[in-house]
Amino acid sequence: MGKKDTDDELPLRVDLRAKKKGEPAVSLRRIGMKSKWRTSLSPKRTAPIRGASAPATRITDRLGSRRVVVKARVIKMTAYGVGAAKLHLRYLDREGTGQGAEREGFFDHEGDGIPRQEVDAIHEVEPHQFRLIVSPEDAEHLDLKEYTRKLMGQVESDLGRKLDWKAINHYNTDNPHTHIVIHGLDQKGEEVFIDREYIANGIRHRAAELATQELGHRLEHEIRDSIQKEIKAKSFTRADRELIQQSQDNRITFDIAGDTPAARLQRSRLLGRLQELERFGYAEKVAGQQWRLADHLPDKLKQLGQYDEAMTRLKRAEQQLGHPASGYRLHDPASVTPLEGVVLERGLSDEMSERGYLILGSRDGVLHQVPISNLAQEETRVGQVIRVQVLEEKSVKAADWNIAGYAATHDGIYHAESHATWAIEAGKIIPTQQESYLHAHQLRLNTLTNLGVVKPIEGNRWQIPEDLPDQVQALAQKDSRTTRAVFVAQHQLPIDTQVTYRGRTWLDEHYHALVEDGRPQGVAITLRNAAALRAQWLTGQGLEAGTQAARSALDDMERQTLAAQVRQKTGLPFRPLAAGESMQGKVLGVVDVPSNRRYAVVANSKEFSMVPWKQEPLPPKGMNMAIGINPQGRAWSKQIQKGIAR
C-alpha cells in the first residue's frame, strides 16, 4: 500500500483481546475525548495505534491455518479521485473475469447483480474509499460470495457499524480473488475510519480464520505442497521476510533444529528457500551453516517476479497469435525510439494500483510488453495499431501558467472548482467548457504533485509556489519522472474490423509495405493476411488497393456515412461544399471518425455541412461560424460575432 494513500490518521482502534464477561467483543476506544463521546460509534480523528500496540497484529498464524493474502489501499475522493474511482469500478466489472462467458457482476450483503448505475454511484460527500483484494490460497474450494459476506459481517462486528460495501469476484488469474470496495460513509451516512494496523493485519487474520472454519485445517500434504510452492516462488515471499528478520548484516546462521515437528519443518522450509535463492544468485553459503543474503533482496525478487510474469504473458500472446515470434522484449517507458505495433493483449500487472500492461506485436515479429501507469484510464483495444512514444512532462504547460496565475491572486492557494468559475468570469472559457477545463487542470495538478512541485491540502486545494513555471522548467535537467509514455491509436478500429470498413484505414495507408513484407514471423503474417483480405473487399467496391483514388473514394464513403447519421438526428439535408463554396450557421459539434479524422458540423435552419477540423481548442456548440472550401480545395473556417466574420 503506497504511503501517500495512508498518511491520513485512521483513528479507530479495534481490540480483539479477550474481554471480561458482559463486555463487548470489540471496544472502540478514543484518545483525548470527553466521556460523552466514548459510547458513540461515530469515530473521530485521533492518533493511530502502531506496531505491537495493535492487538490485531498479535494473532499468531497456526501451522495448519488456511492462508489468505489481503491487499489494501485508501483512496482520497478528490475531484480526480472520484473520476478514477468510477473508472476503477467499471474496469472491475468488465467481461472476461467471471467463471463463465457472462460478467460476474458486483454483489453486497443483500444480493447479487447490483445494477451498473448503482455500481457507478459515488457519494457526493464521501471523503475516501477503502479498496481490498482478498485472495484465499484455497479459493477454488470456497463459495467466494458467501465467504466474502461472512468476512465483511465479521469486519462490521469488529468495527461496530454497518458498512456500505460492494464486491466482485475475479477468476481470470491463477488465484481466484475478490475485490471489495468499502465506502467512506457507513449506512447511517457517518464517516468511516479504520485503523491502519487492522487494515494491514486484522482483516487478513479474520479472513484466514474464516477460511479455516470453512475448509478445516490444512492436511499434512497440503502444508508440504504450500511450502514447496513458496520455496520455488520467483517472488518475494513470507519465507524471505523471515530470513531477512533473522539475519544480521545480511548473514544468517542455522542452529540445530528443535525436537518438535513444527521446528524441523520450519528449518527445512527456510533452508530450502535459501538453496533456491542460491540458484537465483541471491544467496551463498559461506561456511558450515552460515549463509549470506544478497543486498536489496526484496527489490531483486520483486523484479525477478515481474520478469517471470512478463515472459509468461509474452509466450501466451505468441500461442494465441498462432505464429512464432522472432523475439521478446520488455519496453522501456523512457525510450525515445517510438514503437508501433498491434495490441495483442491488455491487462493488469497490479490490480491494486491499476498499473497495467499491453502486449504489442511489431512488424519485425517481436513481441513487446509495454507498461501502463493506469490501465482503467487507457482506452486502447485489442487489435488496434498504436504508436508508443515519449512526451516530455517537464516543459512548462499552459495549465502551469493558469494555476500559477490563479494562486498568485489567492494567497498562493489553488482551488479547482473556484478556478473554473474564476476563468468563466474572466472570459477565458465559456460555461460549456467548464468540465473539460477543470479535468485538464486536475490531471496536471496530479502530475505536479507526483513531481513534488505542488502540495495538496484539505478541501481539494493545493499549495502553489510563487515560481511554479521556473520550478517545472528546472526539472528538465534532473528528474526522469518528467517524461511519460503516450499511446496514439493509428486507427480507431481493430485490424479485423478494418478489412470491411467504409473509410480509409491503416491497412490502406500501408498496403504495399504489408503485402511485400515476406517475414514468416509474428504479427507480420497477420497483417499481410489482413491486407490481402482488404484488397479483395476493395475490388468488390470497384477500387484498387493501395492507390490514391481508392483512398479518396474511401474518404467520401466515410463522410457520407457521417452525413447520414447527422441527417437522421437533425432531419436536415446535407450540403456537400465544392471548391469556392461556403455557408454560415451554428456549430452542432465536432465529430471524430475511426480514420482519426475530425469534422466540424455546422447547420442553419435549412441545411448542414461539415469541414475537416484540425485546430485546438474545439469550437463550442452553438458558436456562429462560417465554413467553406477555397479554390485550391482546402477547407477554412471563421468565427462570426455580431455579424462580422473574423
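The values are calculated or read from the model by the stated rules, or taken from the named source; none is laboratory data. What you see is a predicted model, and the numbers here were worked out from it, not measured in a lab. Methodologically, a virtual Cβ is constructed for each residue, glycine included, from the backbone with ideal geometry; neighbour enumeration extends over all protein chains shown. Side chains are part of the model used for accessible areas, which takes the heavy atoms of the whole protein and leaves out ligands, DNA and RNA. Shrake-Rupley method; radii C 1.70, N 1.55, O 1.52, S 1.80 Å.
Max-minus-min Cα coordinates of the range 190-238 on each principal axis give 47, 28, 12 Å, with the largest extent listed first.
Amide H to amide H, with H built 1.01 Å from N, A489 comes under 5 Å of R387, counting only residues 5 or more places away or on other chains.
Quick one: length gained pulling H296 to R94 fully straight, 0.36 nm per residue minus the C-alpha distance?
Values: separation 202, 0.36 × 202 = 72.72 nm, distance 3.75 nm.
In short, 69.0 nm is gained.
The relative contact order of the range 137-294 comes to 16 percent, based on Cα pairs under 8 Å that sit 6 or more residues apart. Ordered from largest to smallest accessible area (heavy atoms of protein chains, 1.4 Å probe), the residues R329, R196 come out as R329, R196. Label positions at Q584 and W537, each projected 7 Å from the Cα along the C-beta direction, are separated by 4.3 nm. Counted over the range 530-646 with a bin width of 5 Å, the fraction of Cα pairs per bin, in whole percents, is 2, 11, 19, 21, 18, 12, 8, 6, 2, 1, 0. Per residue, the range 100-236 exposes an accessible area of 45 Å² to a 1.4 Å probe, with every protein chain left in place. Between the beta carbons of M352 and R598, assuming R0 = 51 Å, the FRET efficiency works out to 0.90 to the nearest 0.05. The stretch between S418 and Q320 holds 30.2 nm of extra length on full extension. This uses 0.36 nm per residue minus the Cα-Cα distance. Taking the range 129-160 and a reference point 7 angstrom along Cα→Cβ of K229, the backbone N atoms nearer than 14 Å belong to 135-142.
Assuming a ≥ b ≥ c are the square roots of the Cα gyration tensor eigenvalues, decide whether the range 205-338 counts as rounded (a/c under 1.5), prolate (otherwise, with a/b larger than b/c) or oblate.
Verdict is oblate for the range 205-338.
Given the C-alpha centroids of the range 109-162 and the range 482-526, what is the distance between them in whole angstrom? The range 109-162 and the range 482-526 have Cα centres spaced 42 Å from each other. Between the range 185-230 and the range 446-477, the C-alpha centres lie 40 angstrom from each other. Each residue of the range 148-164 is assigned a 3J(HN,Hα), and the resulting list reads 5, 4, 5, 4, 5, x, 5, 4, 4, 5, 4, 7, x, 7, 8, 8, 9 Hz, derived from the Karplus form 6.51 cos²θ - 1.76 cosθ + 1.60 (θ = phi - 60°), x at Gly and Pro. Shape class for the range 384-461, computed from the alpha carbon gyration tensor (a ≥ b ≥ c): oblate, with a/c not under 1.5 and a/b at or below b/c.
Between E379 and F280, what FRET efficiency comes out of the Förster formula 1/(1 + (r/R0)^6) with R0 = 51 Å and r the beta carbon distance, rounded to 0.05? With R0 = 51 Å, the Cβ-Cβ based efficiency is 0.85.
Note on V488 and R267: with the Förster distance fixed at 51 Å, the Cβ-Cβ geometry gives a FRET efficiency of about 0.35.
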